[in-house]
Amino acid sequence: MVRPLTLITGGTRGIGAAIAEKLAADGHDLVLAYRADSASAERTAQAVRDRGAACTVVACEVGDPSGIDRLFAAAAAVGRLTAVINNAGATRFLGPLAETPVDVITDSLEVNLTGAILVARAAVRTMGRSYGGDGGVIVNISSGAATLGSPGEYVHYAAAKAGLDTLTLGLGKEVAAEGIRVVGVAPGLIRTGIHAEAGDAGRLDRIAPSVPMQRAGEPAEIAEAVAWLVSPAASYVTATTLRVSGGR
């Protein structure tokens, strides 16, 4: 039996690493893209291999078309892709929009939206039936911020993720006949390093009491949702985003 082959951008840290480890345990081979942290990439790759999966890691910028070409070429050298997880993302900054540096805004849009669109485009050209593919699944990792707006914190990031939700809706309808399902997962407050990297390491514990479930979520809880969405159990689900946010 041929094993599924899944590509994950931002696949070596945080939510991406949790998804990689869950899918490896479920029998997927993996291609993991990362931006710069080679040490985390190797740790995650080893964790995946320890679960019996083949794993290829590729350093690339998702906002760079040539990087995306290299990424998908690396995947093609392994086998035929069955799923692509658009997970790469970053807030870069916490604060009001008026105080957010312009380069942070443009970089965030490039990573969270433009890069995701380019990866989705490449995924369709790889998995779409009219392009010689067998169909598959695209999962866009959005954020609860897309509907909360995140005023005073990262409006730029929330706006990019709202665009990603629209990509899921529109592309899901566009490529259904190609045999491709396009779905999204919108995490809420999740225990990863994204908050510290944006300059507020205490944000998680400060905001957790406002979540109806009274806690932050764990990356593994997002991974479980993704694993279901790429599985045959979700075969009639497309063009929609699943919120995993503890009720927030």
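Structure notes:
- Checking residue 204 against (1) surrounded by 13 or more Cβ atoms within 10 Å (Cβ to Cβ); (2) under 18 Å from the mean Cα position of the chain (by Cα); (3) not acidic (Asp, Glu), the condition it does not meet: (2)
- Filtered by the rule that a residue be farther than 23 Å from residue 117 by Cα and touching a helix residue (DSSP H, G or I) at 6+ places or on another chain (Cβ under 9 Å), the range 77-100 gives 94, 96, 97, 100.
- Set 126, 100, 82, 91: member being among the polar types (S, T, N, Q), out of contact with any strand residue (DSSP E or B) (no Cβ under 6 Å at 6 or more places or on another chain) and either in contact (Cβ under 8 Å) with a residue 60 or more places away in the chain or under 16 Å from residue 169 (Cα atoms) (or both): 91
- Scanning the range 144-173 for residues that are of a type in the set (Ser, Thr, Tyr) and under 19 Å from the mean Cα position of the chain (by Cα) returns 147, 154, 157, 166, 168.
- Subset of the range 207-216 [assigned to a helix (DSSP H, G or I) and buried (at least 16 other Cβ atoms within 10 Å of the Cβ)]: 207, 208
- In the set (1) at pLDDT 95 or above; (2) of a type outside the set (Phe, Trp, Tyr); (3) over 23 Å from residue 65 (Cα atoms); (4) surrounded by fewer than 23 Cβ atoms within 10 Å (Cβ to Cβ), residue 199 fails one condition alone, (1).
- Considering the range 37-92, and only residues there that are polar (S, T, N, Q) and within 25 Å of residue 224 (Cα to Cα), the residue that is surrounded by the fewest Cβ atoms within 10 Å (Cβ to Cβ) turns out to be 46.
- Leading residue by the ranking (surrounded by the fewest Cβ atoms within 10 Å (Cβ to Cβ)) among those in the range 129-145 that are without any contact (Cβ under 8 Å) to a residue 60 or more places away in the chain and closer than 13 Å to residue 162 by Cα: 145
- Within the range 8-20, residues that are touching a residue at least 24 places away in the same chain (Cβ under 8 Å) have Cβ atoms under 6 Å from residues that are outside any helix (DSSP H, G or I) and among the aromatic types (Phe, Trp, Tyr) in these pairs: 12/34, counting only partners at least 6 apart in sequence or on another chain.
- Residue check for residue 149: free of Cβ contacts under 8 Å to residues at least 40 places away in the same chain, surrounded by fewer than 21 Cβ atoms within 10 Å (Cβ to Cβ) and over 24 Å from residue 33 (Cα atoms): yes
- Inside the range 10-25, residues that are part of a loop (DSSP other than H, G, I, E, B) and either surrounded by fewer than 22 Cβ atoms within 10 Å (Cβ to Cβ) or of a type outside the set (Gly, Ala, Ser) (or both) make up a count of 2.
The values are calculated or read from the model by the stated rules, or taken from the named source; none is laboratory data. Keep in mind it's a predicted model, so treat the numbers as computed, not measured. Here the Cβ is made from the backbone with ideal geometry for all residues, glycine too, and neighbour counts use every protein chain on show.
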